[in-house]
Every structure is written in structure tokens, then in C-alpha cells.
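To start, the structure under review is shown below, and the notes come after it.
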Amino acid sequence: MQFSFIMSKFVLRDRTQEASGVSHEEMEAALKLTPNIYERLGKEEGIEELSTLFYNRVFDSETKKEAPWFYNIFASSTKTEAIENQYRFFVQTFGGPDLYAQKKGKYTRLVGRHANYPIGHGAATLWVKHMMCALYEHSKIKMVEEEVRKQTLLALQKYFTYQAHFIVVASEYMRPDQLSGGTKIDEGRIW
């Protein structure tokens, strides 16, 4: 008799909370804000700015020099490809049109799209650091009233921290058939 180990979503959530310090419920709170994150960041234009600020940091010569192991995670994509993929994902995830699904297909498959990369908890933490720096540089976030800015930044910090560590935790349980190297909609070397 053959047994296969199936990880439940509840165990994954518990392990992610242990690794990130953020509960699943705290992470989901960012997706329930009113107005939503999509609107708070300035819709498509603001989310494109966030993705550009983030990848400017990732592809910066200082990052390449100080953390080449981190930069190498992204080296299979061009900066333009990386910005576009993240932009589409954030627009859709944070309440805008389904731009990601139009390119990548119905399911986001976040873990499967990252499972082939050497991502550990150190990389997840550095990813969140760069994303939070990008948020603090974001022109729209700088202009909103202080209470809304604090609420938005805290919600996004929890969301990004949980998701970054979830990718690490869940990738430990990926089967080869769950890896996503592209779809019929998105052929090529995007991932």
C-alpha cells in the first residue's frame, strides 16, 4: 500500500504563521479594506509605479553586489518582464481587472510559479524589505492622510510578509505536476 503525504491548507497556514509572524486572517485583512488596495495605490498607474519601484531596487547594482544570491532569483526574467508580471498580479489581487488571468490563465498558481527558484526564508524577508521600501517611496502613499497611510502600509506589510513566507513553506510540498513553467496563454521564458 502506498501513502502520499497531503498537506492541508490549515497546516500550511499554521507553518506560514510560525515562519512569518502573521496569521492568515491578518494577511487577508488587506484584501478586505475599503477602499480596496487597488484604489488606495492609484489603480493601474499606481500599481505599475509600485512594481517599478520594487524591481528598480531588486535589479539595482547594490543589490547585485550585496546580495547576489537574492538577485539571482530574478535573473531569469528581464526587469520589464518582472515588472509586468507583478503589476498584473497586484492589479488583479488587490481589486482591479483580471489582467493576470488574461495573460497567465485562470489560476494564479503563485507557489507553483516560484517553486523552481531557490527561495528560502532569508529571501522572503529581503523581498518584503524591498517591497516595503518601494511602498514608502510610492507617490500616492505619501500623499494620503496619515491614518489611511498607516493602515494601508500595515495591511500590506502583513499581506506581503505572509505571502512571501507562504511561498517558501508551500514549495516544500510541491509535486512536479504542480510546477508552473508557463501555460498555453503564456508561452516562453516568462517564468
Exercise. Among what's in region 34-72 and is within 15 Å of the chain's Cα centre (by Cα), of a type in the set (Val, Ile, Thr) and farther than 13 Å from Glu137 by Cα, pick the residue that is modelled with the lowest pLDDT.
Key: Val58
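Give, as residue ranges, the helices (runs of 4 or more DSSP H) completely inside region 3-82 that count at least 2 residues that are surrounded by 13 or more Cβ atoms within 10 Å (Cβ to Cβ) and touching a residue at least 12 places away in the same chain (Cβ under 8 Å). Steps first, answer last, please.
On the way: elements: 9-20, 24-29, 37-40, 43-58, 61-66, 68-74.
Correct list: 9-20, 24-29, 37-40, 43-58, 68-74.
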Quiz item: For region 83-96, what are the residues that are more than 16 Å from Ala134 (Cβ to Cβ) and part of a loop (DSSP other than H, G, I, E, B)?
Solution: Gly95, Gly96
Exercise. Filter region 39-75 down to residues that are closer than 12 Å to Gly96 by Cβ and of a type in the set (Asp, Glu), then give me how many there are.
Key: 4
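The values are calculated or read from the model by the stated rules, or taken from the named source; none is laboratory data. Predicted model, so just to flag it, every value in this text is computed and none were measured. Reconstructed Cβ throughout: ideal geometry from the backbone, glycine too, with neighbour counts over all protein chains shown.
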